[in-house]
There are 2 protein chains.
Amino acid sequence: MTEERLMDKIIDVSLRRGFISPTAEIYGGAGGFYDYGPLGTLMRQKIIDLWRQSFVLDEDKVFEITGSLLLPEPVFQASGHLDSFSDPLVQCDKCKSMFRADELIEQITKQKAEGLTLEALDKLIQDNSINCPSCKGELSKARQFNLMFGTEIGSTGGMKGYLRPETAQNIFINFKRLAGFMRNKLPFGIAQVGHSFRNEISPRNFILRVRQFEQMEIEMFYDPEKENEHPRFDEVAEIEINLVTREMQEKGWEEPLRVTVEGAIVEGLIPNQYLAYYLAMETEMLKAMGIPETEFWFRHMQDHEAPHYSAGNFDLEVNLSLGHMEIIGNALRTDYDLQKHAKASNTSFEIADEGRKIVPHVAEPSMGVDRILYTILEKCYREDDRGWVWFQFPAAIAPLEVAVFPLMKKDGLAELAYDIHDELKDAGYLSFYDVSGKIGKRYARADEIGIPFCVTIDYETKEELTVTIRDRDSMQQIRIPIEDLEVVLGELMDGEAEFSEFEDYLIKS
Amino acid sequence: MTEERLMDKIIDVSLRRGFISPTAEIYGGAGGFYDYGPLGTLMRQKIIDLWRQSFVLDEDKVFEITGSLLLPEPVFQASGHLDSFSDPLVQCDKCKSMFRADELIEQITKQKAEGLTLEALDKLIQDNSINCPSCKGELSKARQFNLMFGTEIGSTGGMKGYLRPETAQNIFINFKRLAGFMRNKLPFGIAQVGHSFRNEISPRNFILRVRQFEQMEIEMFYDPEKENEHPRFDEVAEIEINLVTREMQEKGWEEPLRVTVEGAIVEGLIPNQYLAYYLAMETEMLKAMGIPETEFWFRHMQDHEAPHYSAGNFDLEVNLSLGHMEIIGNALRTDYDLQKHAKASNTSFEIADEGRKIVPHVAEPSMGVDRILYTILEKCYREDDRGWVWFQFPAAIAPLEVAVFPLMKKDGLAELAYDIHDELKDAGYLSFYDVSGKIGKRYARADEIGIPFCVTIDYETKEELTVTIRDRDSMQQIRIPIEDLEVVLGELMDGEAEFSEFEDYLIKS
């Protein structure tokens, strides 16, 4: 499989089978916007639910909020986004195409240009005689282009507003009320799921660099003097993670370091328990979503890659067909944001604790639903030499969990199959009923969208009250009594049982 | 309780207890935007989950999508929003305040002005000598103000885009792919949950008229020649609804008509089964959310209230303290939107069925999460003459379901209580652990946010392995063995058991 082809294959299945398609496709699309179809939406919901269960509901001091997507200008004046949330832009004088200056230089000269000043970028463009890649026209001088989508709240002369570029700011500006809700006791975490918007100069790579994306974020507020007293750290201390330290990056690395989160703290490789806790939790979550642990690691960002106030940023990077890609960011944002908003709004964000007044520090695990979803699609994609294509989704993430087929429409098989499908739905399974086409074609269609199990109703069902279950991955089938169906499916999906354990029921073909 | 006071009381509890607060409050807010705190968010999620379960997951041919919130201009050119999604605006020449012309006239003259032409509005303002209500300055002539938030996609010279004013358009523009996913078989429904945005001239009444709101919508596509062949109509046929017919509105009405949805179709009061099905489903859903059926009805909109292409619009209206308010709209949008987009994009939206080519009609139940949430808050608000205030939420909608209190912190009671709380969480209950303050104060705090049951751990818990459960509404307590706690709580919450059935376990005070 060549690199490009894998993304193209995934785009192809996504379009054909109701996962993902470009927004406003019938009008030629809008660059960097995608719509999630029925199957893409079911997967998104599962991703969000898995995250919410382990990062919010299972926790004791983490609550979720739902802040506004559109925020007035003073929020971004204070946060710094108005001044500095921008990318360098050059425009072709002739054809008016626009490019991100640093990326264009990197593509052409193969040398790093991210983070350079406008002057340095201009010089590189001149020195390397870089012209417009579309029409060879002259390029303008580089200028900063703010990535926030602006609009006007109210009518003429109203208030400037911006679509949020990250969900985090909603949490910071609500800090006083939220701390009150938590009775002003540290630590506590505030979570949020929702869309953010960045007016990327050149969106690309399908859903990996888009202008609208959905984030799952937590701001975990803690007393910096107690940064190694996380109340639940013991529960994760022994979890092993893959780590790429700064030292490894300097020396060059091939394999990430395998280390328990506790060990990493002891060795000074991770700054504190609050950050380490999330690295362990994310490792477990991604594994449950079908992303093999060999395919991702946490990279300690270099100084120049993280904001100046950061006390340590660790990107979770995955090995995708088109290269390494960050899909989760973990940041120690210190008290930077709270201090900025406290000052700008003249509000006190101090919390009193045994005589001390604390502005808490914050650990932030920030995930993109879209990038996680793409990673799952890529890591679960399978094809064999017969041209059979399928997604090997674990049941926990599969958009549909079971397909129910009558072997034939006639002789009451369709009605019987539909009733079984209906009962599975009532029991909470995402079941899909399919009656059209040959049975082999129905299996192929179900495999292609990653349905783990197919249940077939045939003449023996009527006579002996049995059904067959077919396993997507092994393509083996077992025949079991109807009355055991729900329990057996449940065990197979929860991973309590493996298909191979039902050897006695195997249908030999 | 006077009318204004009830909304004020709800706002007060909402702010203090983490339900809802103004967006960017520390910066003076942004009119018409609200943030949902921890408890407001839990309730929103329950509202959405209840809707999703009955309107999407329990259905067989309804799937949900997640479309972009920001859409390019051609979408709204075709849909008509660019030309006509506007309200009439007048501005004060002196203080520059802006007002919705028709509402201002209605407030001052007490006569209906909605839907009048700009000329007619200007004349009414002149004839009634209406000046600026803030400063008495002269008002400008009325002009149409488009309610969509506009922005620029891409940098200078990019594409105009708008935040969607309704979720519906995402579904229409994706129709071709969605029909393909449903194998071009009618009927099928496409659902969507998400934010929509309207730049209201004068947002007001807390979360009832806002500039950002969340919708739960379905577009149910059907063959207009089979409008009375809804596949599941039998299941709802006998459900009774409250109806206000056009005839009743002409004659004046005091009580809505009580009628089964089947009866209403037979008598020609509801246009077809597809619409009627949703009226029945909505009735059941709102009842489960704690809104008494005596408080809402479906009003058949008058011709001038619905779009010209409508084949019948039925608003679900509730009796709120500040008057009647639409919280759900049901519309038969015919094939209007599909035809508009088919033409503008030069795409065929026809579906073949036994030789006929059909552009389907659509029934649309469209709900606002925010308005439903407010209605629940108002209808569940209780206070008694001791000044005790509580929300009588049904467990299905309560943001937290059970509170666990140790009677004292000492003697191991706190640890024991925490363990019980932890087990309840593991069992899936939204449990809240509270150790601080006198027990009576803890009950009051729990009641105020509508927690249905409080479990108290005391010295008898240690000795006899029993706990008490206190019922929020009756304030009665029972004492039961710890080992029965999960089951008893489950029965009480599902409504399988009433608190009064546990008379034998009642603690006499």
- Item | P(r) tail fraction, the range A:283-385 - alpha-carbon pairs more than 15 Å apart, % | 70 percent
- Query: What angle do you read, to the nearest 10 degrees and between 0 and 90, between the alpha-carbon axis of helix B:118-127 and the longest principal axis of chain B?
  - Reply: 80 degrees
- Query: Given B:Gly161, B:Ile507, A:Gln476, which one lies farthest toward the positive end of the charge dipole of the protein assembly as shown, if we put +1 on the Cβ of every Lys and Arg and -1 on the Cβ of every Asp and Glu?
  - Reply: B:Gly161
- Query: Taking the alpha-carbon centroid of each part, what is the distance from the range B:310-364 to the range B:248-263 in angstrom?
  - Reply: 24 Å
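Rounded to the nearest percent, how much of the accessible area of the range B:1-154 (1.4 Å probe, protein heavy atoms only) is carbon and sulfur?
Details: 3230 of 6640 Å².
Ligands and nucleic acids excluded, carbon and sulfur give 49 percent.
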- Task: Output the direction-averaged projected area (hull surface divided by four) of the convex hull of the alpha-carbon atoms of the range A:135-230, in nm².
- Result: 11.6 nm²
- Nearest 10, in degrees from 0 to 90: the angle of helix B:38-51 to the longest Cα principal axis of chain B is 70 degrees
- Message: Placing +1 on the Cβ of each Lys and Arg and -1 on the Cβ of each Asp and Glu in the range B:242-343, which of B:Val261, B:Gln249, B:Tyr309 has its Cα farthest towards the positive end of the resulting dipole?
- Response: B:Tyr309
- Message: Restricting to Cα pairs below 8 Å that are 6+ residues apart, what does the relative contact order work out to for the range A:400-505? Please round to a whole percent.
- Response: 24 percent
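Using the Cα centre of the protein assembly as shown as the reference point, and only Cβ charges (+1 on K/R, -1 on D/E), how large is the resulting charge dipole? Debye, rounded to the nearest 20.
Around 4500 debye, computed over the protein assembly as shown.
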- Item | Lys/Arg +1, Asp/Glu -1 at C-beta; the range A:307-422 dipole; positive extreme among A:Ala331, A:Ile420, A:Ser321 | A:Ala331
- Message: Going 7 Å from the Cα of B:Asn184 along its beta-carbon direction, which residues of the range B:335-374 have the amide nitrogen within less than 16 Å of the resulting point?
- Response: B:347-360
- Query: What is the spread of the Cα atoms of the range A:86-146 along each of their three principal axes, largest first, in whole Å?
  - Reply: 27, 25, 16
- By how many degrees, between 0 and 90 and to the nearest 10, does the Cα long axis of helix A:336-345 differ from the longest principal axis of chain A? 60 degrees
- What ratio of Cα Rg to 2.2 N^0.38 Å holds for chain B? 1.11
- For the protein assembly as shown, Cys with no neighbouring Cys Cβ under 4.7 Å: A:Cys380, A:Cys454, B:Cys380, B:Cys454
- Place a +1 charge on the Cβ of each Lys and Arg in chain B and a -1 charge on the Cβ of each Asp and Glu, then give the dipole magnitude about the Cα centre in debye, rounded to the nearest 20. 2380 debye
- Stick to the Cα atoms of the range A:43-109, pair each with every other, and give me the Kirkwood hydrodynamic radius in Å at one decimal. 16.6 Å
- Pair A:Glu119, A:Lys136: separation of 7 Å Cα→Cβ label points (nm): 3.3 nm
- Check each residue of the range B:8-24 and keep those whose accessible area, probe 1.4 Å, is at least 30 Å² smaller with all protein chains in place than in the chain alone; give them in order of residue number. B:Leu15, B:Thr23, B:Ala24
- Message: Taking the Cα centroid of the range B:287-307 and of the range B:371-427, what is the distance between the two, rounded to the nearest whole Å?
- Response: 31 Å
- Note on the structure: Largest-first semi-axes in Å of the equivalent ellipsoid built from the Cα gyration tensor of the range A:48-173 are 38, 21, 13
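Could you tell me the calculated FRET efficiency between A:Gln249 and A:Ser436, based on Cβ-Cβ distance and R0 = 60 angstrom, to the nearest 0.05?
Details: r = 54 Å, r/R0 = 0.91.
E(calc), rounded to 0.05, equals 0.65.
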- Note on the structure: Given unit charges at Cβ for Lys, Arg (+) and Asp, Glu (-), the dipole magnitude of the range A:400-505 about its Cα centre in debye, nearest 20, is 840 debye
- Can you list the lysines whose alpha carbon is less than 24 Å from that of A:Lys110, not counting same-chain residues fewer than 8 positions off? A:Lys123, A:Lys136, A:Lys141, A:Lys251
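What total accessible surface area, summed over both chains, is buried at the interface between chains B and A, computed with a 1.4 Å probe and given in Å² to the nearest 100?
Using a 1.4 Å probe on protein heavy atoms, the buried area is about 6400 Å².
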- Share of Cα-Cα pairs in the protein assembly as shown beyond 39 Å, whole percent, is 50 percent
- Note on the structure: chain A: antiparallel bridges as % of DSSP beta bridges, rounded to 5, reads 85 percent
- How big is the Kirkwood radius of the range A:400-505, worked out from every pair of different alpha carbons and given in Å to one decimal? 13.5 Å
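With N set to the number of residues, divide the alpha-carbon radius of gyration of the range A:1-121 by 2.2 N^0.38 Å and report two decimals.
On the way: Rg = 20.5 Å, N = 121, 2.2 N^0.38 = 13.6 Å.
Normalised by 2.2 N^0.38 Å, the Cα Rg of the range A:1-121 equals 1.51.
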- Return an integer: the convex hull volume of the alpha-carbon atoms of the range B:197-327, in Å³ per residue. 145 Å³
- Task: Give me the accessible area of B:His304, 1.4 Å probe, in Å² rounded to the nearest 10.
- Result: 150 Å²
- Which of the residue pairs A:Lys61/B:Lys441; A:Lys160/A:Lys343; A:Lys61/B:Lys438; A:Lys9/A:Lys287; A:Lys46/B:Lys462 have a Cα-Cα distance greater than 30 Å in the structure shown? A:Lys46/B:Lys462
- Item | Distance between the range B:431-445 and the range A:59-88 - C-alpha centres, whole angstrom | 34 Å
- Note on the structure: Once both label points are put 7 Å beyond Cα along the C-beta direction, the B:Ile239-B:Glu305 separation in nm becomes 2.1 nm
- Query: Taking the Cα-to-Cβ direction at A:Glu448 and at B:Met159 and moving 7 Å from each Cα, how far apart do the two end points lie in nm?
  - Reply: 2.7 nm
- Item | Surface accessible to a 1.4 Å probe, per residue, for the residues of the protein assembly as shown, Å² | 42 Å²
- Query: When DSSP assigns beta bridges and you keep just the ones with both residues in the range A:400-505, what percent turn out antiparallel, to the nearest 5?
  - Reply: 55 percent
- Ellipticity estimate at 222 nm from DSSP helix runs (n ≥ 4, -39,500 (n - 2.57)) divided over chain B, nearest 500: -9000 deg cm²/dmol
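The values are calculated or read from the model by the stated rules, or taken from the named source; none is laboratory data. Because the structure is a prediction, the values reported are computed rather than measured. As a convention, Cβ positions derive from the backbone with ideal geometry for all residues, glycine included, and neighbour counts pool all protein chains shown. Areas reflect the complete protein model, heavy atoms only, side chains present, ligands, DNA and RNA absent. Shrake-Rupley method; radii C 1.70, N 1.55, O 1.52, S 1.80 Å.
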